[in-house]
């Protein structure tokens, strides 16, 4: 029995899917895989440097050189080469023509539920492809029960075909009590001032401009010395520095485009609270990472956020500047509340592990490999008619 893996997203600066993929597969040792798959083919457009990407020794790396986008590579070079019994597709899509069965990871259905926050290409192309991929896959893996229900409802995927494998966070994220490096990070970034923190893609649905407006209101109406640090790629072409200047808080705003895991861990530990202004999230790695180091979390109250945080967060009833500013004030001014959120968040984080997620994911792949249904290709009309 052969397992194939689409490894395209494991290269480069790993955020989101790339980080997820590496953390899942690095536990697939020969002992764990034994009795399920005889061969694991890891398909990649670039050579693998094992010091940078520590794949298990039982993986067979198959380099299919290409500088094309993932979707093109997946549907040309990989689709032609992959003769596996089942193919693991970690990024919402499966090849249009696949010889084996497929397991697609669909992390959420937010782009379908809130299309106004996504680009034209997502609204008019990718959403159709995501829905078709989930329907045509032998099995679908998602991350929370909230996401499972959403995917079934908005993309017409049978609920029984969708499995939940709860994610964890990298070992790099942990509490660093009394570590001088944490103090050093705070000194470098804010001159020692306490700060609120956000990390993630600056995409439309994450409402980063609204976050900055809320912080500006917080600074205007209180005497707290806090600053705000924002880390992440600007996928929505926002000018954070310009927005901060227009709101009169430029000196209190720190912008970083990228941070290594080591630096992120220091930032989480140094932050007074992490703020997630996203309209709707069924799962958030930064929220999980915050809880894993004991940083209080402020976020919008949604079913996914409740599930993801175990209820251990300061929940905002709705995305409004006044509500978010009020939350910042309450958290900044209440040390007992911060301690409570920190302790409960740490306890929730300990219920997740990559070892468990890896084992559960492998079990779904083995189940798909022995399923009776087969993969199928599509026509453009079929994709449109089902969404």
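The values are calculated or read from the model by the stated rules, or taken from the named source; none is laboratory data. In this text the structure is predicted, and so the values were computed from the model without any measurement. Positions of Cβ are generated from backbone atoms using ideal geometry, with glycine treated the same way; all protein chains shown enter the neighbour counts.
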Counting only residues that are touching a residue at least 24 places away in the same chain (Cβ under 8 Å), give me the strands (runs of 3 or more DSSP E) lying completely in region 222-328 with at least 3 of them. 227-231, 253-256, 273-276, 297-300
When you go through 116, 145 one by one, which is the residue that is assigned by TED's automatic domain parsing to the domain that holds residue 99, in contact with a strand residue (DSSP E or B) (Cβ under 7 Å, 6 or more places away or on another chain) and surrounded by fewer than 17 Cβ atoms within 10 Å (Cβ to Cβ)? 145
Does region 291-306 hold any residues that are over 14 Å from residue 197 (Cβ atoms), in contact with a strand residue (DSSP E or B) (Cβ under 8 Å, 6 or more places away or on another chain) and surrounded by 24 or more Cβ atoms within 10 Å (Cβ to Cβ), and which are they? 305
Candidate set: region 190-221, residues that are assigned to a loop (DSSP other than H, G, I, E, B), within 26 Å of the chain's Cα centre (by Cα) and touching a residue at least 40 places away in the same chain (Cβ under 8 Å); chosen: the one nearest to residue 278 (Cα to Cα): 207
Kindly evaluate residue 187 against the criterion of being surrounded by 16 or more Cβ atoms within 10 Å (Cβ to Cβ), in the same structural domain as residue 259 (by TED's automatic domain parsing) and in a helix (DSSP H, G or I). no
Considering only region 79-104, how many residues are free of Cβ contacts under 8 Å to residues at least 40 places away in the same chain and under 19 Å from residue 160 (Cα atoms)? 1
Return a yes/no flag: does region 162-176 have any residue that is more than 18 Å from residue 261 (Cβ to Cβ) and in a helix (DSSP H, G or I). no
Only one of 165, 237, 222 is surrounded by fewer than 21 Cβ atoms within 10 Å (Cβ to Cβ) and touching a strand residue (DSSP E or B) at 6+ places or on another chain (Cβ under 6 Å); which? 165
Pick from region 110-141, criterion in a loop (DSSP other than H, G, I, E, B) and at pLDDT 95 or above, ranking: farthest from the chain's Cα centre (by Cα): 138
Check region 84-100 and report whether any residue there is touching a helix residue (DSSP H, G or I) at 6+ places or on another chain (Cβ under 9 Å), over 26 Å from residue 25 (Cα atoms) and either at pLDDT 95 or above or surrounded by 23 or more Cβ atoms within 10 Å (Cβ to Cβ) (or both). no
What's the total number of residues in region 331-342 that are loosely packed, with under 13 Cβ neighbours inside 10 Å and either under 26 Å from the mean Cα position of the chain (by Cα) or not in a loop (DSSP other than H, G, I, E, B) (or both)? 3
Which of the numbered conditions does residue 171 fail, given that it passes all the others? Conditions: (1) crowded, with 17+ Cβ neighbours inside 10 Å; (2) under 25 Å from residue 26 (Cα atoms). (1)
